[in-house]
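Participant: This structure is in structure tokens; I'll ask about it shortly.
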Amino acid sequence: MRIKRVAALAVAAALSVGLAACGGDSDEGTGAGSKSFAAGSTMEKLNKAQKIKIGTKFDQPGFGLKGLSGKPEGFDVEIAKIIVKELGIPEDKIEWVETPSKVREDSIVNGTVDLVAATYTINDKRKERIAFAGPYYEAGQNIMVRKDDSSITGPDSFKDGTKKVCSVVGSTPLEEIKKHVKDVATQVVPFDTYDKCRDALKQGQVDAVTTDNVILLGYIAKDEASFKMAGDNFTKEPYGIGVKKEDAAFRTFINDTLEKAFADGSWKKAWDNTAGKFGATLGNPPTVNRY
């Protein structure tokens with residue numbers, strides 16, 4: 001009898017340890033029980049649903065480029081994953097939604113996605129419709145030309161009216177370059193993706209592509225024989241995470257998560273494993289704007 005009682009106690013103890021291990025808090029973000037959020041908040045809803053829709057780009061080397069896995073890869077993607085982990089949602093429960101520049105605000109307002117991480121420059125015009133957490137990186141607009149072209153050295157090179165430049169519909173770079181050309185109608189060529197701009201440049205249909213320097217560096221890294229940068233950055237482009245305008249609590253949560261990532265090294269690790277491979281400088285963490 002004593003042997004049976006000892007054995008039963010041992011089994012009970014083992015079960016108790018196992019249940020404690022399963023029920024304790026976890027930093028892996030693998031289940032709803034590992035996180036607790038304010039009732040009714042976006043964070044609670046997403047955590048309970050154990051799924052999330054994230055808008056990003058599929059054509060941005062180093063930031064959001066659809067890879068061989070069929071999923072986007074890059075710095076924006078890794079930053080989004082850091083946020084998802086903090087929400088307690090497994091990575092395989094992310095639905096990545098291709099979100100080109102021209103549809104980013106609509107995707108947020110209409111609820112097509114829960115957040116957007118897509119080389120998304122924070123500016124006042126966009127804040128009229130949506131809100132931003134961040135910034136988590138500051139880029140700068142630049143110009144990419146064909147490798148054998150020395151005639152373009154910066155935005156002033158377009159003032160003579162003879163050269164065509166391509167950028168993407170709905171992007172900050174497209175609006176900025178219009179300030180530097182003689183004739184917008186004949187010189188500025190808009191496409192819906194930067195891949196199309198790159199192809200047009202390679203085929204001689206345009207003379208340059210303009211967008212943020214880190215995006216251009218990604219294209220150059222993949223085809224150094226065809227492209228090069230022309231001149232220095234001529235703007236500052238703070239990248240933020242887009243969310244619904246009225247959701248201040250979600251914005252605060254993402255800002256807290258970004259600051260945590262700055263401090264614990266996960267932000268730098270995300271950079272080093274993605275856009276950092278193309279030679280762009282990360283710099284110090286930007287100051288989060290808690291407006």
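The values are calculated or read from the model by the stated rules, or taken from the named source; none is laboratory data. Bear in mind the structure is a predicted one, so any value in this text is a computation, not a measurement. Cβ placement follows ideal geometry from the backbone for every residue including glycine, while neighbour counts extend to all protein chains displayed.
Participant: Can you find a residue in segment 46-53 that is modelled with pLDDT under 95 and in a helix (DSSP H, G or I)? Walk me through it before giving the result.
Facilitator: Applying the first criterion (modelled with pLDDT under 95) to segment 46-53 yields none.
No, segment 46-53 contains no residue that is modelled with pLDDT under 95 and in a helix (DSSP H, G or I).
Participant: Can you pull out the residues in segment 241-265 that are under 15 Å from the mean Cα position of the chain (by Cα) and either assigned to a helix (DSSP H, G or I) or not assigned by TED's automatic domain parsing to the domain that holds LYS45 (or both)?
Facilitator: If the condition is that a residue be under 15 Å from the mean Cα position of the chain (by Cα) and either assigned to a helix (DSSP H, G or I) or not assigned by TED's automatic domain parsing to the domain that holds LYS45 (or both), then ILE254, ASN255, THR257, LEU258, ALA261 are the ones that fit.
Participant: Can you give me the number of residues within segment 264-282 that are closer than 15 Å to ILE83 by Cβ, surrounded by fewer than 16 Cβ atoms within 10 Å (Cβ to Cβ) and of a type in the set (Gly, Ala, Ser)?
Facilitator: The total comes to 0.
Participant: Let me ask something else. Please count how many residues of segment 174-214 are more than 17 Å from PRO61 (Cα to Cα) and buried (at least 20 other Cβ atoms within 10 Å of the Cβ).
Facilitator: 8
Participant: In the set GLY134, GLY111, which member is among the small types (Gly, Ala, Ser) and touching a Pro at 6+ places or on another chain (Cβ under 8 Å)?
Facilitator: Testing whether each residue is among the small types (Gly, Ala, Ser) and touching a Pro at 6+ places or on another chain (Cβ under 8 Å) leaves just GLY134.
Participant: In segment 172-191, which residues are free of Cβ contacts under 8 Å to residues at least 60 places away in the same chain and among the polar types (S, T, N, Q)?
Facilitator: THR186, GLN187
Participant: Where residues in segment 102-125 are surrounded by fewer than 22 Cβ atoms within 10 Å (Cβ to Cβ) and closer than 23 Å to MET43 by Cα, which of them is nearest to the chain's Cα centre (by Cα)?
Facilitator: ILE122
Participant: Got a number for residues in segment 212-228 being in contact with a strand residue (DSSP E or B) (Cβ under 6 Å, 6 or more places away or on another chain) and in a strand (DSSP E or B)?
Facilitator: Here the count works out to 2.
Participant: Further question: Return yes when GLU105 is in contact (Cβ under 8 Å) with a residue 40 or more places away in the chain and out of contact with any helix residue (DSSP H, G or I) (no Cβ under 9 Å at 6 or more places or on another chain) and no when it is not. Write out each step before concluding.
Facilitator: On the way: in contact (Cβ under 8 Å) with a residue 40 or more places away in the chain: yes; out of contact with any helix residue (DSSP H, G or I) (no Cβ under 9 Å at 6 or more places or on another chain): no.
It is false that GLU105 is in contact (Cβ under 8 Å) with a residue 40 or more places away in the chain and out of contact with any helix residue (DSSP H, G or I) (no Cβ under 9 Å at 6 or more places or on another chain).
Participant: Which of (1) under 30 Å from SER41 (Cα atoms); (2) in contact with a Lys or Arg (Cβ under 7 Å, 6 or more places away or on another chain); (3) surrounded by fewer than 17 Cβ atoms within 10 Å (Cβ to Cβ) does ALA249 not meet, given it meets every other one?
Facilitator: (2)
Participant: Then there is this: Say whether the condition of being touching a helix residue (DSSP H, G or I) at 6+ places or on another chain (Cβ under 6 Å), closer than 28 Å to ILE122 by Cβ and among the small types (Gly, Ala, Ser) is met by at least one residue in segment 205-222.
Facilitator: yes
Participant: How many of the residues making up segment 38-77 are touching a residue at least 60 places away in the same chain (Cβ under 8 Å) and more than 24 Å from ASP212 (Cβ to Cβ)?
Facilitator: 7
Participant: Of all residues in segment 224-246 being among the aromatic types (Phe, Trp, Tyr) and more than 20 Å from GLU128 (Cα to Cα), which is surrounded by the fewest Cβ atoms within 10 Å (Cβ to Cβ)? Spell out the reasoning first.
Facilitator: Taking segment 224-246 as the starting set, the residues that turn out to be among the aromatic types (Phe, Trp, Tyr) are 227, 234, 239.
With more than 20 Å from GLU128 (Cα to Cα) added as a condition, the list becomes 227, 234.
Working: PHE227: 22, PHE234: 17.
The extreme case among them is PHE234.
Participant: For the list (1) surrounded by fewer than 20 Cβ atoms within 10 Å (Cβ to Cβ); (2) not in a loop (DSSP other than H, G, I, E, B), I need the number of the one condition that ASP160 fails.
Facilitator: Evaluating ASP160 over (1) surrounded by fewer than 20 Cβ atoms within 10 Å (Cβ to Cβ); (2) not in a loop (DSSP other than H, G, I, E, B) leaves (2) as the failure.
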